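Take a look at the structure below.
The values are calculated or read from the model by the stated rules, or taken from the named source; none is laboratory data. Bear in mind the structure is a predicted one, so any value in this text is a computation, not a measurement. Glycine gets a Cβ as well: all are built from the backbone with ideal geometry, and neighbour counts include every protein chain shown. Just the protein is used for accessible areas: all its heavy atoms, side chains included, with ligands, DNA and RNA removed. Shrake-Rupley method; radii C 1.70, N 1.55, O 1.52, S 1.80 Å.
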Amino acid sequence: MASTKRRLNREESSVVLGEDQVAELKEAFELFDKDRTGFIKKDVLKTTCKQFGVFVMEDQLDAMFAEADTTKSGAIGFPEFMSMMSRRMKQTSNEQILRNAFLTFDPECQGYISTKDLQKALTTLGDKLTDAEFQELLSISENEQKQVKYDLFINTLFSKK
């Protein structure tokens with residue numbers, strides 16, 4: 001049986017979800033929507049996250065809820081929830097791709113790459129970075145030992161999405 005796909009309405013989502021993924025998101029939404037109103041309020045989202053051992057800082061919760069509450073109603077419905085979660089799924093995928101690329105240069109999984117090795121790769125191979133672009137990367141993620149902490153770089157890069 002062929003899996004049908006469903007495209008989300010919001011332009012920025014641009015993620016195609018399979019019916020299985022939509023069903024999983026619906027099930028997750030229903031876990032949050034304990035009163036079965038069809039909407040999730042921020043305080044319920046916070047409480048439910050805590051119940052599942054997911055501790056979110058207040059500012060992160062505010063940002064996440066503001067992102068999802070596109071109607072500014074103070075509650076998010078399933079379409080808003082699905083859109084937010086699909087963007088998070090896409091972001092996670094992109095983060096993992098970038099992390100895997102960094103791991104190519106860190107076979108011992110130490111969490112860092114020497115600045116010298118990374119500069120050689122990023123300024124001579126593939127889509128080459130300019131010196132200014134490489135310096136910007138270093139300003140975000142280089143430590144005192146002249147190593148690039150790639151988790152710091154990845155977290156900084158994706159923190160506004």
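Mind telling me which of the residues 136, 95, 142 ends up being within 29 Å of residue 64 (Cα to Cα) and modelled with pLDDT under 85?
Criteria check complete, one pass: 95.
Examine region 63-74 for a residue that is in contact with a helix residue (DSSP H, G or I) (Cβ under 8 Å, 6 or more places away or on another chain), surrounded by 13 or more Cβ atoms within 10 Å (Cβ to Cβ) and farther than 28 Å from residue 151 by Cβ, and state whether such a residue exists.
Yes: region 63-74 contains one or more residues that are in contact with a helix residue (DSSP H, G or I) (Cβ under 8 Å, 6 or more places away or on another chain), surrounded by 13 or more Cβ atoms within 10 Å (Cβ to Cβ) and farther than 28 Å from residue 151 by Cβ.
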**OP:** Assess whether residue 81 counts as being without any contact (Cβ under 8 Å) to a residue 24 or more places away in the chain, buried (at least 16 other Cβ atoms within 10 Å of the Cβ) and not basic (Lys, Arg).
**Re:** no
Original post:
Looking only at residues in region 99-139 that are among the small types (Gly, Ala, Ser) and under 24 Å from the mean Cα position of the chain (by Cα), which one is surrounded by the fewest Cβ atoms within 10 Å (Cβ to Cβ)?
Top reply: 139
Subject >> Boolean, residue 68 is under 16 Å from the mean Cα position of the chain (by Cα), closer than 30 Å to residue 28 by Cα, at pLDDT 85 or above and not basic (Lys, Arg) >> reply: yes
Original post:
Of all residues in region 140-161, how many are over 13 Å from the mean Cα position of the chain (by Cα), open to solvent by 90 Å² or more (accessible area, probe 1.4 Å) and of a type outside the set (Asp, Glu)?
Top reply: 2
Original post:
hydroxyl-bearing (Ser, Thr, Tyr) and either at pLDDT 70 or above or open to solvent by 100 Å² or more (accessible area, probe 1.4 Å) (or both): does that describe residue 4?
Top reply: no
